[in-house]
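The values are calculated or read from the model by the stated rules, or taken from the named source; none is laboratory data. As the structure is a computational prediction, the values presented were derived from the model and not from experiment. Cβ sites come from the backbone with ideal geometry, for glycine too, and all protein chains shown count toward neighbours. Protein only, heavy atoms only, side chains kept; ligands, DNA and RNA dropped before computing areas. Shrake-Rupley method; radii C 1.70, N 1.55, O 1.52, S 1.80 Å.
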Amino acid sequence: MFIKRFWGFDPVYWPIVSFSQKGSLDALLAQSQPGDTIVFVGTQGPETKEQEQGKLLGFAEFGRGRLHSRQALPSDSFASAEKGPSGDIKWPYAVLITRAWRFTSNPLPSLTAVLGRQLSMAATSNALPLSTVEQEQILTLPRVEIDVAETEAIRNERERIAAAVGPGGTMGPIPASFTTRVLRDADREATTYAFQFGSYNVWKIGWAHDAKQRLEDLNKHVPHEVLGARWGGGWIQKWASAAQAYAMEQRVLRSFASDELYGERVHCTKEALEASWRRALKDN
């Protein structure tokens with residue numbers, strides 16, 4: 001897991017991790033592996049929304065193929081503030097975002113409160129690796145997976161990552177334990193869930209310490225007043241630890257073919273999901 005300062009975090013509008021210097025992108029790809037992620041931190045300047053300045057915004061899995069920002073974004077995506085004196089884009093060197101998670105606490109978590117330190121100036125231009133402890137701290141923050149722009153190029157990158165990582169690709173961060181002022185423990189009780197989107201054959205598979213709260217968080221990001229549907233129903237299974245809940249989540253997700261998977265969402269019939277769920281329980 002890496003970290004860098006950005007002006008914001010919107011993987012639909014801006015589905016790339018971009019840099020001003022080619023060497024910065026080259027360094028990230030040289031140090032990382034397929035399936036690695038990068039944390040987005042809001043800059044302290046006026047270009048970032050006031051409520052996001054110095055905050056941890058979310059993190060994203062990124063692809064391996066280098067491209068120019070113009071190849072990933074339409075020309076009208078670039079505001080004048082995002083262009084240099086010559087009129088070219090300030091951050092031309094990029095890789096595509098393939099999956100993304102947004103932190104859900106309100107207010108957003110402060111970088112210094114979570115990591116106990118400020119980032120060096122290098123994090124303005126370069127992606128810096130996080131220590132194992134810092135990664136654990138990041139992964140305990142409440143979060144929800146969010147949409148990424150759906151393009152053929154992004155789908156191709158997901159397939160490349162899945163081929164490199166293994167069947168099903170990456171399925172989400174592994175739970176971890178660490179102690180701060182509040183104890184967050186991967187060994188305490190947790191739940192694996194499968195929520196259905198309305199009456200559609202679409203399911204959200206995941207784990208959480210508080211499944212009810214997770215369901216509320218998921219529905220905050222659904223325009224149900226337009227779509228006429230929200231997440232709910234399905235199945236839940238309680239476990240003695242987050243590690244067990246995560247393991248069942250993985251068994252369910254990996255039982256489906258890649259063309260049925262969209263991150264942690266599965267497109268299948270209720271019967272197929274129930275059969276997978278029962279097998280995952282039996283295989284524990």
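Out of everything in region 1-48 that is among the polar types (S, T, N, Q) and part of a helix (DSSP H, G or I), what residue ends up being most open to solvent (accessible area, probe 1.4 Å)?
Q31
With A257, A247 as the choices, which residue is of a type in the set (A, V, I, L, M) and in contact (Cβ under 8 Å) with a residue 12 or more places away in the chain? Let's see the steps before the verdict.
Numbers: A257 fails: in contact (Cβ under 8 Å) with a residue 12 or more places away in the chain.
Every option except A247 fails the conditions.
Would you kindly identify the helices (runs of 4 or more DSSP H) lying entirely within region 189-284 that contain at least 1 residues that are within 21 Å of A162 (Cα to Cα)?
Fully inside region 189-284 and qualifying: 242-253, 270-282.
In region 198-231, what count of residues is obtained for those that are without any contact (Cβ under 8 Å) to a residue 40 or more places away in the chain, out of contact with any Ser or Thr (no Cβ under 8 Å at 6 or more places or on another chain) and either of a type in the set (A, V, I, L, M) or under 16 Å from V266 (Cβ atoms) (or both)?
Adding up the residues that qualify gives 8.
Going through region 148-167 one residue at a time, which ones are out of contact with any strand residue (DSSP E or B) (no Cβ under 8 Å at 6 or more places or on another chain) and charged (D, E, K, R)?
Matches in region 148-167: E150, E152, R155, E159, R160.
So which residues in region 236-264 are among the charged types (D, E, K, R) and either modelled with pLDDT of 85 or more or open to solvent by less than 20 Å² (accessible area, probe 1.4 Å) (or both), if there are any at all? Can you show your working first?
First, the residues of region 236-264 that are among the charged types (D, E, K, R): 238, 249, 251, 254, 259-260, 264.
Hits for region 236-264 are K238, E249, R251, E264.
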